[in-house]
Amino acid sequence: MVNSPAQTCRQMLKNISTCTHVNTHMTLRKHICAFFWTFAHMIRFRFKELLAEKEFQEGRSIPITEVARVTGINRGTLSKIANEKGYSTVTSNIDQLCEYFKCEVGDLMVYVKPSEN
């Protein structure tokens, strides 16, 4: 029998409340975050597509380190935006990326219906 999302969540929270080891606690916390994003995220970043389009227009390769330098966004954050499904970031990063790509928020981020998820 497969547990419902609510049952799985309750079990994970119970595991955290009985956990005394810090590394285990952090691992469980990461699993909970990943679990919720699996069911809840519906916003997708188009960072890779916009970067590829900019590279094509400028006729050169643009490394993430260059985007980080120009925008002031941490390279690790940009990597997560580009590669982690359901990654969430602050609005100042969205603002900086829109300025960098000269685009609107709707060009950078798209809503994905749950059935398409």
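Enumerate the amide H contacts of M109 below 5 Å, restricted to partners 5 or more residues apart or on another chain; note that Pro and chain-start residues carry no placed amide H.
R46
Just to check I understand the Karplus step: with θ = phi - 60° and J = 6.51 cos²θ - 1.76 cosθ + 1.60, what whole-Hz values come out for the range 46-56, glycine and proline as x?
Once rounded to whole Hz, the list reads 9, 4, 4, 5, 5, 5, 4, 5, 5, 4, 4.
Quick query: amide H of E84 versus all other amide H atoms, modeled in the peptide plane; which residues come in under 5 Å with a sequence gap of 5 or more or a different chain?
Here nothing satisfies the definition.
With θ set to phi - 60°, apply the Karplus curve 6.51 cos²θ - 1.76 cosθ + 1.60 along the range 94-102 and write out the HN-Hα couplings as whole Hz, x wherever there is a Gly or Pro.
4, 4, 5, 5, 4, 5, 4, 8, 6
Every number in this text was worked out from the coordinates using simple rules, so none of it is lab data. All of these numbers come straight from a predicted model, not from anything done at the bench.
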